[in-house]
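The values are calculated or read from the model by the stated rules, or taken from the named source; none is laboratory data. Quick caveat, the model's predicted, so the values are computed rather than measured. Note: ideal-geometry Cβ built from the backbone for every residue, glycine included; neighbour counts use all protein chains shown. Just so you know, the surface numbers come from the protein's heavy atoms only, side chains and all, with ligands and any DNA or RNA stripped out. Shrake-Rupley method; radii C 1.70, N 1.55, O 1.52, S 1.80 Å.
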Amino acid sequence: LLHSSSLHSSSQPGFQCSRAILVENELFLSELRAFARAKAAAGYSQEELQETFAFLLFDKEEEAQRVCQSGLRVNSSSTSTL
């Protein structure tokens, strides 16, 4: 799934994944639900509110653990490989 999710087929051979972890953080999920409710109330369509998923690539497991604990916010991280 990770390899087939690449936007560019030429980049697929360049990635190796040793482990993938799904992170579910109840605090972050409640923030997401509140955000979605506010956007729905503001008139956003269901298509605009549809959830999508992405994969973050980390060089070190410690970086991934830090994001899992503190979240990923705009301009709050040096993470740049999505």
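The table below lists the values:
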item	result
Separation of the Glu51 and Leu72 label points, Cα + 7 Å toward Cβ, nm	1.5 nm
Candidate residues Lys39, Lys60: accessible-area rank, largest first, probe 1.4 Å	Lys60, Lys39
Peptides 61-71, 41-51 ordered by average Cβ neighbours within 10 Å, highest first	61-71, 41-51
Asp59-Glu31 FRET efficiency (beta carbon distance; Förster radius 25 Å; 0.05 resolution)	0.40
Where the Cα pairs of the stretch 26-70 fall when distances are cut into 10 Å bins, in %	22, 38, 27, 12, 0
